[in-house]
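The structure follows.
The values are calculated or read from the model by the stated rules, or taken from the named source; none is laboratory data. These numbers come from a predicted model, not from an experiment. We place every Cβ from the backbone using ideal geometry, glycine too, and count neighbours over all the protein chains shown.
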Amino acid sequence: MTSSQLAEWMVYYELEPFGTGIEDARMAMICTSVMNAMLMAHADPKKNPKWYQPEDFLPDYFGEKEEPKKQTVEEMKDILKAIAGVK
């Protein structure tokens, strides 16, 4: 590959990113949309549900994310009740 071809590919990548990084970001946006739609449909608005962000679904390839908070049994029950539509 010549240096001019490499430069063209670099410009193209800036315009239209490709590879696993951008695919992970796209999938994270889809997961965010689905989970937030489920929250809107099933969660109790008085409890102010946590809205998901794309970062919540991105892979942690290098161990840079902080350790997630452990859920209590009561929190798990509340989540399952919200999904099932039980009060």
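Quick one: in the stretch 58-87, of everything that is modelled with pLDDT of 85 or more and assigned to a loop (DSSP other than H, G, I, E, B), which residue is nearest to M27 (Cα to Cα)?
Our first condition is that a residue be modelled with pLDDT of 85 or more; within the stretch 58-87, this holds for 58-59, 70-84.
Restricting the remaining residues to those that are assigned to a loop (DSSP other than H, G, I, E, B) gives 58-59, 70-72.
Values: L58: 8, P59: 10, K70: 25, Q71: 25, T72: 28 Å.
Across the stretch 58-87, the extreme among qualifying residues is L58.
While we're on this one: Could you tell me which residue of the stretch 12-24 is modelled with the lowest pLDDT, considering only residues that are in a helix (DSSP H, G or I) and surrounded by fewer than 10 Cβ atoms within 10 Å (Cβ to Cβ)?
Initially, the stretch 12-24 is screened for residues in a helix (DSSP H, G or I), giving 12-15, 20-24.
From the residues that got through so far, the ones that are surrounded by fewer than 10 Cβ atoms within 10 Å (Cβ to Cβ) too are 14-15, 20.
Numbers: E14: 89, L15: 90, T20: 85.
The selected residue is T20.
Tell me, which residue of the stretch 29-56 that is outside any helix (DSSP H, G or I) and under 8 Å from the mean Cα position of the chain (by Cα) is surrounded by the fewest Cβ atoms within 10 Å (Cβ to Cβ)?
If we filter the stretch 29-56 for residues that are outside any helix (DSSP H, G or I), which is where we start, we get 43-44, 48-53.
Remaining after also requiring under 8 Å from the mean Cα position of the chain (by Cα): 52-53.
On the way: Y52: 17, Q53: 13.
It comes out as Q53.
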